[in-house]
1. Tell me, which residue of segment 194-219 that is crowded, with 21+ Cβ neighbours inside 10 Å, outside any strand (DSSP E or B) and touching a Gly at 6+ places or on another chain (Cβ under 9 Å) is modelled with the lowest pLDDT?
2. Could you count how many residues in segment 232-243 are surrounded by fewer than 23 Cβ atoms within 10 Å (Cβ to Cβ) and either within 14 Å of G28 (Cα to Cα) or aliphatic (A, V, I, L, M) (or both)?
3. Taking into account only those residues within segment 209-235 that are in contact with a helix residue (DSSP H, G or I) (Cβ under 9 Å, 6 or more places away or on another chain) and small (G, A, S), which is farthest from P281 (Cα to Cα)?
4. Residues that are surrounded by fewer than 18 Cβ atoms within 10 Å (Cβ to Cβ): find the strands (runs of 3 or more DSSP E) completely inside segment 1-110 holding 2 or more of those.
5. A182 versus (1) surrounded by fewer than 17 Cβ atoms within 10 Å (Cβ to Cβ); (2) closer than 24 Å to A19 by Cβ; (3) among the aliphatic types (A, V, I, L, M); (4) in contact with a strand residue (DSSP E or B) (Cβ under 9 Å, 6 or more places away or on another chain): which is the lone unmet condition?
6. Can you tell me which of A98, A88 is hydrophobic (A, V, I, L, M, F, W, C), without any contact (Cβ under 8 Å) to a residue 12 or more places away in the chain and farther than 19 Å from P261 by Cα?
7. Cβ-Cβ distance below 8 Å, separation of 6 or more or different chains: which pairs start in segment 221-233 with a residue that is free of Cβ contacts under 8 Å to residues at least 12 places away in the same chain and end on one that is aliphatic (A, V, I, L, M) and open to solvent by 90 Å² or more (accessible area, probe 1.4 Å)?
8. With the requirement that a residue be within 29 Å of I79 (Cα to Cα), among the aliphatic types (A, V, I, L, M) and either over 17 Å from the mean Cα position of the chain (by Cα) or part of a loop (DSSP other than H, G, I, E, B) (or both), what does segment 127-163 give you?
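The values are calculated or read from the model by the stated rules, or taken from the named source; none is laboratory data. No experiment lies behind these values; they were computed from the predicted model shown. Reconstructed Cβ throughout: ideal geometry from the backbone, glycine too, with neighbour counts over all protein chains shown. For accessibility, only protein heavy atoms count, side chains too; no ligands or nucleic acids. Shrake-Rupley method; radii C 1.70, N 1.55, O 1.52, S 1.80 Å.
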Amino acid sequence: MADNIPGVRKVPGGALKLADDLVISRMGFGAMQLAGPGVFGPPRDRDQALAVLREAVESGITHIDTSDFYGPVVVNELIREALHPYPADLRIVTKVGARRGPDGSWRPSLEPADLAAQVRENLAHLGVDALDVVNLRLSAHGTGEEPVARQFGALAELQKDGLIHHLGLSEASDAQLTEAQAIAPVVTVQNLYNVANRADDAMVDRCAAEGIAYAAYFPLGGFTPLASATLESVAARLGASPQQVALAWLLRRSPTMVLIPGTSSMAHLRENIAAADLVLPSDALAELDTIGR
């Protein structure tokens with residue numbers, strides 16, 4: 001399933017085939033941080049944001065994660081300006097299910113009519129006729145038991161209309177994944193997970209068993225960066241940064257794990273990509289496994 005796919009070039013972290021027309025690099029790029037502070041408004045340095053996107057693709061990344069509510073609109077327009085016409089093997093994964101308030105607040109927006117509007121906005125701002133993957137963003141503060149059939153069914157209809165190639169879920173529970181799968185195939189689940197936050201272990205294992213990509217968002221802790229003496233100790237021993245070790249651990253955690261670390265820094269981008277080649281000895285893995293338990 002991962003890497004050594006005939007006709008697919010070597011990419012960071014190896015390649016993961018999810019469908020005949022959906023092969024992605026396991027080391028992806030999360031575009032969220034290209035927006036301004038709080039993921040709102042334009043970037044501090046537009047030229048640098050464009051350069052980071054181009055460098056990511058030139059480095060072999062074929063998997064970019066984005067959403068029209070990053071900015072809002074700003075990030076998708078940056079992606080289009082930097083990369084359109086898109087390389088043939090680039091796959092852009094986007095999300096719907098929220099709107100931004102004028103103050104930058106995040107507001108769930110899950111009515112089927114607005115989900116359809118959000119899909120069309122993503123199409124327009126990315127400059128494509130169909131979206132590679134659309135994740136339905138569910139409520140981060142929900143119980144995980146809320147029905148998803150109405151919302152996911154609306155996206156499945158757009159898939160039948162040819163506006164979306166593949167569907168996924170974000171902030172999803174086991175029950176919600178099962179409900180969605182009864183409507184249409186799910187190729188990816190995007191949930192919070194990292195070496196220090198392993199509450200979603202069971203979902204990681206389920207996705208691996210079912211050939212679903214598990215996209216760990218905030219792989220480096222997000223707005224609260226990872227802080228662990230064990231992580232720092234292992235990193236020092238390996239001559240790597242703690243962030244590189246945390247990313248390398250995730251890639252070893254599951255064969256269908258995909259990473260979408262975000263940055264607006266060229267140096268951090270290169271450091272993240274290099275983590276895909278970092279070898280973690282068994283003793284280091286054993287130590288790292290203790291962090292989230």
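1. Among those that are crowded, with 21+ Cβ neighbours inside 10 Å, outside any strand (DSSP E or B) and touching a Gly at 6+ places or on another chain (Cβ under 9 Å), it is P219.
2. Of the residues in that region, 4 qualify.
3. Looking at the filtered set, the residue picked out is A213.
4. Details: elements: 15-19, 22-25, 63-65, 91-96, 98-100, 106-108.
The strands (runs of 3 or more DSSP E) meeting that bar are 15-19, 106-108.
5. (4)
6. Details: A98 fails: without any contact (Cβ under 8 Å) to a residue 12 or more places away in the chain.
Answer to the selection: A88.
7. From residues that are free of Cβ contacts under 8 Å to residues at least 12 places away in the same chain, there are no pairs.
8. V128, A130, L138, A140, A154, L155, A156, L158, L163
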